[in-house]
Amino acid sequence: MAACMILLLASIAVAQPARPADSPKILPASLLKVRLDAVLALTPGAKGRLSAQVIELESGEIIYSNRAEDPVIPASNMKLMIMSAAIDLLGPDYKYQTVLAVRGTDLIIVGSGDPSLGDERFAVENGSSITSVLHDWAAVLKKAGVKQIPGDIVIDDSIFDDEFIHPQWPKNQFQAWYEAAVGGLNFAENCVRAMIVPTQPGKKAKVQLVPGNTYIKIKNETQTNGKGGVIASRLAESDTLVVRGGVSKAGVLDKVTVRDPGLYFGSVVRTILATNGIKVGGKIVREKSGLDNGRLPKECHVVHVHRSPLSDALRRCGKDSRGMFAEAILKTLGAQGGQVGSWDTGRSMVHTFLRKVGAPASQITIDDGSGLSRYNRLSAHASTLVLQHIYKSGTANFDLLRNSLATPGTEGTLKKRLREAATRDRVFAKTGYINGVWTLAGFVKAENDRWLAFAIFYNSEGKMASPKSKIDDAIRLLVKWPNLPQPTVANGPASKSKG
């Protein structure tokens, strides 16, 4: 009887399935690949391409790669390359300088391509108006004894070329803020708003420009209490803002781009001077007033120099994906060494940076800085190489780039994504989107405090739903790296999927 009982217990022990703890563990790198391949896979029937890579920054180890060397359209992730090049080549302490000077009876304004003057976000943060800097200029002029400008306002925006609009941008979107012109003098993102106030029923509403200026003309086709909404628009080669529609309540309309940033800047200055009692007798003219060495002639007396840190431009470019800032940074790079800043000279400088990084030239094509052009190309591999270079180049560089990127649930273009507590303060990334293109790249601080760089780029080649949720799920896995839970071992035969 005892012998039978021993045999029965032995048979039961043999029949028991192996415990999960007895199963061979999948190594972290292999497990990450399995998990990311599953998460990032295209849905059945979708037609598209994926280029993705993840590296551990301290060691440089590639811990995930999926067609990482394929160059694809990066959309706004081109901004990340431009930002990195600027930090490396200009330095984290670089400052834009806009010079205000007097020459005889003329007022001279010499630009350096600063994209942040009159910026709406900075005005809100500082509790001021977008024109507060220009009011400060008026105060400085008054303090210097300047009560009027009998001559002209001379704008010198020659640091950049006069190609304000990129030739490959969509022709039918020229008045949208993300297609704003870029020049050596910029103000309020080179956009204007119309403020409308209803008057008497059936009469035209009152229309006022914000900021006030004499460059943009208004064609008022509104009607108080009229039917329908009210819109503002302009023709491509026109400086006239057409405001039309029914106005039932006061408000400010959406931004509309201006055609010539320099003339716009000068006219805003003229308006602000007038409100401060400084009358300008002449016109607004464009002229290169500086010498070849970048200095002003002796007859020009500098009254004030306004400085803006590169970090401001990077923050608006990275967190908020403002295109004009990216283009200004690209042309600023091109203006180094006495050159005129242009898309061509800017590209040349970025390619110099990429060679320094070791990014393969075949994996990146730079057409513009903002990523609006569909002729840009970038691989995930090249992107992560650039991010690793910035990480390795010093704390100041790394902190500047990281702090210029969007963060989940708090601010910027990731404000409504990855909002759970686990990802807060651990994800710093640049989003990208144009029609059929979804991208995300940046840094992740994993739960074990190891820093990762990642790039996940999707391009549609036909019908394809947005993969943003796939990208976000991938980032959640990276936050957990390398402590990913082991897959559960199923008992018995594997069940078939029902689709």
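Read-outs: derived from the displayed coordinates by stated rules, not from any lab. Note that the structure is predicted; figures quoted are calculated from it, not measured. Note: ideal-geometry Cβ built from the backbone for every residue, glycine included; neighbour counts use all protein chains shown.
Observations, loosely collected:
- Panel order for Tyr375, Tyr215, Tyr433, by other beta carbons found within 10 Å of each beta carbon, from fewest to most: Tyr375, Tyr433, Tyr215.
- Among beta bridges from DSSP that stay inside the chain, the antiparallel ones total about 75%.
- Only the Cβ atoms of Lys and Arg (+1) and of Asp and Glu (-1) were treated as charged; on that basis the dipole of segment 95-311 about its Cα centre amounts to roughly 980 debye.
- Straight-line cross-link partners of Lys143 among the aspartates and glutamates, defined as a Cα under 19 Å from its Cα and at least 8 positions apart when in the same chain: Asp106.
- Couplings 3J(HN,Hα) for segment 130-137, derived from phi with the Karplus relation 6.51 cos²θ - 1.76 cosθ + 1.60 (θ = phi - 60°), are 5, 9, 4, 4, 6, 5, 4, 4 Hz, where x marks Gly and Pro.
- Calculated mean residue ellipticity at 222 nm for the chain: -9000 deg cm²/dmol, from DSSP H runs with n ≥ 4 weighted as -39500 (n - 2.57), summed, divided by the residue count and rounded to 500.
- Of the residues Met83, Met195, the one with the fewest other Cβ atoms within 10 Å heads the list, and the complete ranking is Met195, Met83.
- Remark: the Asp254-Thr395 segment gains 46.8 nm on full extension, using 0.36 nm per residue and subtracting the alpha carbon distance.
- Under 20 Å from Lys206, Cα to Cα: aspartates and glutamates that are on another chain or at least 8 residues apart: Glu221, Asp239, Asp254
- Ascending count of other beta-carbon atoms within 10 Å, so fewest first, for Phe187, Phe443: Phe443, Phe187
- The residues packed around Gly334, meaning those with a beta-carbon under 13 Å from its beta-carbon, carry a net charge of -3 if Lys and Arg are +1 and Asp and Glu are -1.
- Set Lys171/Lys227; Lys47/Lys255; Lys217/Lys283 screened for pairs whose C-alpha atoms are more than 27 Å apart: Lys171/Lys227; Lys47/Lys255
- Segment 334-377 and segment 232-265 have Cα centres separated by 32 Å.
- Karplus-derived HN-Hα couplings along segment 231-244 (A = 6.51, B = -1.76, C = 1.60, θ = phi - 60°), whole Hz, x at Gly and Pro: 9, 10, 7, 9, 7, 4, 9, 10, 10, 9, 9, 9, 10, 9
- Annotation: the antiparallel percentage among DSSP beta bridges lying fully within segment 95-311 is about 60.
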